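Student: My questions will all concern the structure given below.
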Amino acid sequence: MLKVVLNVVLKVVLKVVLKVLYFFFALVPGSLVFSFPVEEPDKDLVKKPALVVVIAIDQLRRDRLDDSFEGGLGRLVKEGRVFAEAKLNHGISTTCPGHAAMLTGTNPGKAGIPGNVYIARQGWESRYCVADEDPAYQVIGRDINRSPRNLLVTTLGDWLKSSDEHSRVYAVGGKDRATITMAGHKADGVYWFDATLGMFTTSRYYVDKLPGYIVDFNGLDPLTDGFLSTLPATWLHSAGSNRADQYPGEDEKLGNTSGHPLASGDWQDVGSQVYQSPYIDSFSFELAANIVQQEKLGQRGSTDLLAIALSATDTVGHLYGPFSAESEDTLRNIDEKLGEFLSFLDTTVGSANYVVVLTADHGVAELPEWAKENGRLQCPADSGRAGVYGFMFRFYWYVYSRFTFPLGNPDDLVKLADSQISVNHRYAKELGLDVAEIIAGVREMLESEEVIERTWTLDEIESDDGEIARLYRNSFVEGKSGDFFIQPHRTCIIRDAGTTHGSPYSYDRNVPLVFFGMGITPGTTDVEAYTVDIATTLSKLLGVASPEDVDGRALRLH
């Protein structure tokens, strides 16, 4: 009898000891010498989005987005996490570096993108940021080459595909430099509107020929059987709520009142007119939905990435300014089409299965005439402008008369590209000129212009601890950037009509940033945020490893 009791007691004690050991080893990391079965974590807690959509609205100032919109923009602002103080973290605020920063997690300087264009020292010629000399990467239908080769770092899409070979990465939009830099090196498809062709195309870097559904979307004759068949003769819009439709300073090349031409003129005219209208964004959304359907994005068990680069706010904004009737109608169109696209994703992918990020590559200056009327013009020049032709004539006449007279070509000695001046050191040596003397002379000439605040050499931006110098450091690319940067006076622009961007000032750098969807808590935060934080934030959300040397940090989404 005693033996039986002892056996029962021993079993009870052993059971208790095993339970104690189980909890001890389970709660002390690194101390396990053997394992016990544990419950699977709640799948809902580790579920990843099926689709991530990153939408870049070219030239959208942060102060133009609020919760008054009734469509997709309004939905994102009201239901998403809004970073109310978001901005660029670099000084050359143009399209190519702005889009490159979004999904690389690195500042454009490190990414190898100093601007839309740069001066190649070898060969002494202007190079486009996504151009490629390799004819193997020819644009389908064009005699030009495009690739992401100049992008020296990887993107979120590259990280995603390295994590899961079944993930798919696509980009679509109005500009090659926007879609290519967002998509990265391993993308499955990158499509942009080519105004010369009047249709969407790509580079043979990605595919040897356009997929059938893209061919069908374009049509054999786009105006009759393709996406352009719905194009009206003119773009009609309301007078706008900010100012009169016809306003001083607006560019008149496509007319500056409602009734802008669309389907008129020869084929290249039509392509250019569409490119500078809200319709390019409408067609980009339409093709994006087509890609989601045809490629089953977000519907295959892996996380996919789709980048959408909306360009009309930039092409329209340059002509008429950010507070024009045309720009207002362009943003209204985005609101409507984005609303339709989100509803499409709700049905196709599932409203709880996707994430959307909305941002911009840069902002823009107001029309100087509008800024002056409203007491915001700070430019020393009364008009707020320097005409391009007059400015360039004075610039090159100075170089010629001072350094290359009588037979030398000033353009062979000095070139301007994206607010940067490059000096041809080899040619200077041939002419027996001192490079330092050339730089000093050209800087003095430029700083005598009313619209120029100052210039910055590399030594100056490296030694200065101010904000402007830091921003230019983040834009500097060894071997591609110029010998010095040009900083305009605040609110001054060099353009005969319309407006532009590219400066380190807040109106060019302040952009919207909204995260929306699965796993994201709605609300507005004033925490410091930059576009360079987008990729690292998404990589954390997706559980995808990012490179150790990224510049961005993960933002809190809840």
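Student: Quick check: anything in segment 443-458 among the hydroxyl-bearing types (Ser, Thr, Tyr), farther than 22 Å from Tyr398 by Cα and out of contact with any His (no Cβ under 6 Å at 6 or more places or on another chain)?
Tutor: No, there is no match, as no residue in segment 443-458 is among the hydroxyl-bearing types (Ser, Thr, Tyr), farther than 22 Å from Tyr398 by Cα and out of contact with any His (no Cβ under 6 Å at 6 or more places or on another chain).
Student: Here is a list: Arg490, Arg454. Which entry is outside the structural domain of Gly72 (by TED's automatic domain parsing), in contact with a strand residue (DSSP E or B) (Cβ under 7 Å, 6 or more places away or on another chain), closer than 25 Å to His318 by Cα and surrounded by fewer than 20 Cβ atoms within 10 Å (Cβ to Cβ)?
Tutor: Arg454 is the lone residue from the list that is outside the structural domain of Gly72 (by TED's automatic domain parsing), in contact with a strand residue (DSSP E or B) (Cβ under 7 Å, 6 or more places away or on another chain), closer than 25 Å to His318 by Cα and surrounded by fewer than 20 Cβ atoms within 10 Å (Cβ to Cβ).
Student: Ile144 passes all but one of (1) crowded, with 24+ Cβ neighbours inside 10 Å; (2) more than 29 Å from Asp549 (Cβ to Cβ); (3) of a type in the set (A, V, I, L, M); (4) without any contact (Cβ under 8 Å) to a residue 60 or more places away in the chain; which number fails?
Tutor: Result: Ile144 fails condition (1) only.
Student: Out of Phe485, Phe515, I need the residue that is buried (at least 24 other Cβ atoms within 10 Å of the Cβ), outside any loop (DSSP other than H, G, I, E, B), over 18 Å from the mean Cα position of the chain (by Cα) and in contact (Cβ under 8 Å) with a residue 12 or more places away in the chain. Which one?
Tutor: Phe485 is the lone residue from the list that is buried (at least 24 other Cβ atoms within 10 Å of the Cβ), outside any loop (DSSP other than H, G, I, E, B), over 18 Å from the mean Cα position of the chain (by Cα) and in contact (Cβ under 8 Å) with a residue 12 or more places away in the chain.
Student: Kindly establish whether Gly502 is modelled with pLDDT of 95 or more, on the phi > 0 side of the Ramachandran plot and more than 21 Å from the chain's Cα centre (by Cα).
Tutor: Criteria not met by Gly502.
Student: Related question: I need a count of the residues in segment 166-202 that are hydrophobic (A, V, I, L, M, F, W, C), over 17 Å from Gln138 (Cα atoms) and assigned to a strand (DSSP E or B).
Tutor: Here the count works out to 3.
Student: Residues of segment 305-355 being touching a strand residue (DSSP E or B) at 6+ places or on another chain (Cβ under 7 Å) and β-branched (Val, Ile, Thr), which ones?
Tutor: Residues satisfying the conditions are Ile308, Thr313, Ile334, Val349, Val355.
Student: Based on this model, can you work out whether Arg426 counts as of a type in the set (Lys, Arg) and more than 17 Å from Arg402 (Cα to Cα)?
Tutor: yes
Student: Among the residues of segment 337-353, count how many are hydroxyl-bearing (Ser, Thr, Tyr) and surrounded by fewer than 14 Cβ atoms within 10 Å (Cβ to Cβ).
Tutor: Count: 2.
Student: I would also like to ask the following. Can you find, within segment 112-124, the residue that is modelled with the highest pLDDT among those that are over 25 Å from the mean Cα position of the chain (by Cα) and either outside any loop (DSSP other than H, G, I, E, B) or not charged (D, E, K, R) (or both)?
Tutor: Looking at the filtered set, the residue picked out is Trp124.
Student: Being assigned to a loop (DSSP other than H, G, I, E, B), surrounded by 15 or more Cβ atoms within 10 Å (Cβ to Cβ) and without any contact (Cβ under 8 Å) to a residue 24 or more places away in the chain is the filter here, so list the residues in segment 208-221 that pass it.
Tutor: The answer is Gly219, and nothing else.
Student: (1) surrounded by fewer than 21 Cβ atoms within 10 Å (Cβ to Cβ); (2) modelled with pLDDT of 95 or more: which one isn't true of Gly265, the others all being true?
Tutor: Unmet for Gly265, out of (1) surrounded by fewer than 21 Cβ atoms within 10 Å (Cβ to Cβ); (2) modelled with pLDDT of 95 or more: (2).
Student: I'm trying to understand the selection: among the residues of segment 518-532, which are surrounded by fewer than 24 Cβ atoms within 10 Å (Cβ to Cβ) and over 11 Å from Phe83 (Cα atoms)?
Tutor: Met518, Gly519, Ile520, Thr521
Student: Would you check if there is a residue in segment 145-165 being of a type outside the set (S, T, N, Q), outside any helix (DSSP H, G or I) and under 22 Å from Lys296 (Cα atoms)?
Tutor: Yes, segment 145-165 has at least one match.
Student: Continuing with this model, one more query. Listed residues Val511, Val532, Val544; which is in contact with a helix residue (DSSP H, G or I) (Cβ under 7 Å, 6 or more places away or on another chain), more than 23 Å from Arg61 (Cα to Cα) and among the aliphatic types (A, V, I, L, M)?
Tutor: The match here is Val544.
Table: residues versus (1) farther than 21 Å from Leu338 by Cα; (2) touching a Gly at 6+ places or on another chain (Cβ under 9 Å); (3) charged (D, E, K, R); (4) outside the structural domain of Lys161 (by TED's automatic domain parsing).
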| site | (1), (2), (3), (4) |
| --- | --- |
| Asp216 | yes, yes, yes, no |
| Asp221 | yes, no, yes, no |
| Ser264 | yes, no, no, no |
| Ile291 | no, yes, no, no |
| Glu295 | no, yes, yes, no |
| Thr313 | no, no, no, no |
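Student: Suppose the filter is surrounded by 15 or more Cβ atoms within 10 Å (Cβ to Cβ) and acidic (Asp, Glu); does Asp164 pass it?
Tutor: When the stated conditions are applied, Asp164 passes them.
Student: Being loosely packed, with under 15 Cβ neighbours inside 10 Å and over 27 Å from the mean Cα position of the chain (by Cα) narrows it down to one of Gly466, Gly387, Gly408, so name that one.
Tutor: Going through Gly466, Gly387, Gly408 in turn, the sole match is Gly387.
Student: When you look at Thr224, is it of a type in the set (Val, Ile, Thr), farther than 23 Å from Cys129 by Cα and part of a loop (DSSP other than H, G, I, E, B), yes or no?
Tutor: no
The values are calculated or read from the model by the stated rules, or taken from the named source; none is laboratory data. Fair warning: this is a prediction, and the values are worked out from it, not measured in the lab. Quick reminder, even Gly has a Cβ in these numbers, built from the backbone with ideal geometry, and neighbours come from all protein chains shown.
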